[in-house]
Amino acid sequence: TGDEMTLDKRTNAFRPDLAASHLRGEVESRHFVDGTVYEVIDPIADVRRAPAPDAALDTQALFGERVTVYETTDEGWAWGQLASDNYVGWLQANALATPGDAATHRVIVPRTLCFPGPDIKLPPLAALPLGATVAIARQEGRFAVAQNGWHLPAGHVAPLAATYRDFVAVAEMLLGAPYLWGGKSVLGIDCSGLVQVSMHAAGLACPRDSDMQQDALGQTVAIEDVTRGDLVFWKGHVAIARDARTLIHANAFHMMVAQEPLAGALTRIAVAGSAVTNVKRL
């Protein structure tokens with residue numbers, strides 16, 4: 001159908017053999033299902049394009065995130081849609097569980113450790129990335145104690161309603177994180193993942209991929225007027241302006257989240273035959 005051409009498969013759960021029931025009448029599929037909501041219980045769960053460990057990594061889901069699952073295979077793969085940004089893909093089913101208590105807090109540092117008790121000398125049980133959400137039951141001294149018994153440093157989490165005022169400052173905390181296509185954490189992150197993770201920490205809605213971000217976010221401004229917090233787009237890429245002269249971005253040139261002079265970046269991409277396609281102010 002004509003409509004099917006306009007529905008982005010990255011953010012709409014439909015295949016020729018299976019589709020989300022809310023898409024009935026919009027797409028053609030042999031089966032429509034309601035889906036079941038699960039919760040991500042791995043610190044970071046890879047979301048792949050196909051149900052195979054070597055399939056392309058499209059994005060990642062973080063601990064505590066809700067995922068609506070439409071199919072689970074005998075091989076242990078779940079095809080589902082992330083609640084945070086509607087991204088659709090394949091996760092390992094053992095990274096998911098029936099949802100527990102509703103999250104109350106979010107991790108606000110690049111990475112935090114979860115201890116089995118109120119003692120930093122105990123071997124940690126898990127390490128959660130920036131943006132992971134947890135259900136905190138109480139505070140005990142220096143620790144926030146989660147419903148599952150994990151003890152997290154209290155200063156490493158904040159109530160869901162508390163947000164960073166400056167999303168660029170969040171991106172700056174991730175300087176040096178390795179570049180990973182599809183990544184969304186300090187262990188590996190890509191250009192649009194850096195923008196999304198940083199904006200989510202500031203309480204701002206943000207789609208996952210750079211083309212979606214260019215279409216959905218902000219108002220176009222001239223490159224000559226660029227200022228802190230503007231998003232600078234070129235083919236297949238997005239960078240964040242730290243100020244009028246400096247970018248911060250996860251990029252394959254440095255293979256990490258790096259600062260780069262704006263003028264130098266523009267020269268570099270011009271040599272590669274590319275150019276800025278848009279500058280968006282949030």
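The values are calculated or read from the model by the stated rules, or taken from the named source; none is laboratory data. Since the model is a prediction, treat every value here as computed from it, not as a measurement. Ideal geometry is used to build each Cβ from the backbone, glycine not excepted, and the neighbour counts take in all protein chains shown. Note: accessible area is taken over every heavy atom of the protein model, side chains too, but ligands, DNA and RNA are not part of it. Shrake-Rupley method; radii C 1.70, N 1.55, O 1.52, S 1.80 Å.
For the range 2-92, pairs of C-alpha atoms spaced more than 19 angstrom apart make up 35 percent of the total. Rolling a 1.4 Å probe over the protein heavy atoms gives the range 186-226 an accessible area of 38 Å² per residue. Fully extending the segment from A169 to E75 would add 29.7 nm, taking 0.36 nm per residue of separation and subtracting the current Cα-Cα distance.
Given a cut-off of under 8 Å on Cα pairs at least six residues apart, what relative contact order in percent is computed for the range 136-282? Dividing the mean separation by the residue count of the range 136-282 yields 21 percent. Could you check how much of the accessible area of the chain is carbon and sulfur, as a whole percent, using a 1.4 Å probe? Heavy-atom surface of the chain belonging to carbon and sulfur, 1.4 Å probe: 54 percent.
Extension gain, L7 to L204, is 68.6 nm, computed as 0.36 nm per intervening residue step minus the present C-alpha separation.
Take every Cα pair under 8 Å whose residues are at least 6 apart in sequence, average their separation, divide by the length of the range 41-122, and the relative contact order is 25 percent. Relative to the current alpha-carbon distance between H31 and L160, full extension at 0.36 nm per residue lengthens the span by 42.8 nm. When only Cα pairs below 8 angstrom with a gap of at least 6 residues are kept, the chain shows a relative contact order of 12 percent. A 1.4 Å probe run over the protein chains yields, for the range 93-163, 49 Å² of accessible area per residue, whole-number rounding. The radius of gyration of the Cα set in the range 73-123, together with its Dmax, comes out at 15.5, 41 angstrom. Every helix of 4 or more DSSP H residues in the chain counts as -39500 (n - 2.57), and over all residues that averages to -4000 deg cm²/dmol at 222 nm. Anisotropy class assigned to the chain is oblate, per the alpha carbon gyration tensor with a/c at or over the 1.5 cut-off and a/b no larger than b/c. Round to the nearest 0.05 the FRET efficiency obtained for A137 and W181 when R0 = 41 Å and r is the Cβ-Cβ distance. E(calc), rounded to 0.05, equals 0.65.
Please enumerate, by chain and number, the lysines with C-alpha under 29 Å from the C-alpha of K9, excluding those fewer than 8 residues away in the same chain. Correct list for K9: K184, K235, K280.
The residues of the range 1-50 present an accessible area of 60 Å² per residue when probed at 1.4 Å with all protein chains retained.
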